[in-house]
Amino acid sequence: MKSFTPYTHKVRYYETDKMGIVHHSNYIKWFEDARLHFLECAGYPYTQMEADGIMIPVHSVTCSYKTAVHFGETVKIALKIVSFNGFRFKIEYLVETEDGIVNATGVSEHFFTDVNLKPIRTEKK
């Protein structure tokens, strides 16, 4: 596998509320952006995965908010696959500022399906 660099994101104005703080729903979108970035870095982009007939729906996702992120700030989202059994996998996320302040942590759980959403098993490698 190629090396993985955490996904970085500069906060856009429309991601914030009236107080200039990132709305909580955007963190879940950033988790998805980080997953797509990870697949690109791993050499198996989601577009190729879909072309191969494999889907990875979200089973569950959680996010714990630690410190606010504001308009114009840049965050990095690192992820780590913490479990994988060929059918399901779990990812942990860490969102932090460029100077290392933790803004949020999260977990998402996924499973593999074919294009008809029928569960499939992949090989453990």
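The values are calculated or read from the model by the stated rules, or taken from the named source; none is laboratory data. Everything quoted here is computed from the prediction, not taken from an experiment. Counting neighbours? That spans all protein chains shown, and the Cβs are built from the backbone with ideal geometry, glycine included.
Summary table
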quantity	calculated
Residues of the range 38-56 classified as in contact (Cβ under 8 Å) with a residue 40 or more places away in the chain and within 11 Å of the chain's Cα centre (by Cα), total	1
Cβ-Cβ under 7 Å pairs, at least 6 apart or on other chains, the range 102-119 side over 17 Å from residue 84 (Cα atoms), far side in a loop (DSSP other than H, G, I, E, B) and among the aliphatic types (A, V, I, L, M)	103/69; 114/120
Restricting the range 88-115 to residues that are modelled with pLDDT of 95 or more and among the polar types (S, T, N, Q), the residue that is farthest from residue 66 (Cα to Cα)	113
Hits in the range 57-99 (condition: touching a Lys or Arg at 6+ places or on another chain (Cβ under 8 Å), among the charged types (D, E, K, R) and either under 19 Å from residue 24 (Cα atoms) or in contact (Cβ under 8 Å) with a residue 60 or more places away in the chain (or both))	73, 92, 96
Every pair of residues 6+ apart whose Cβ atoms lie under 6 Å, when the first sits in the range 14-26 and is modelled with pLDDT of 95 or more while the second is assigned to a loop (DSSP other than H, G, I, E, B) and charged (D, E, K, R)	23/17
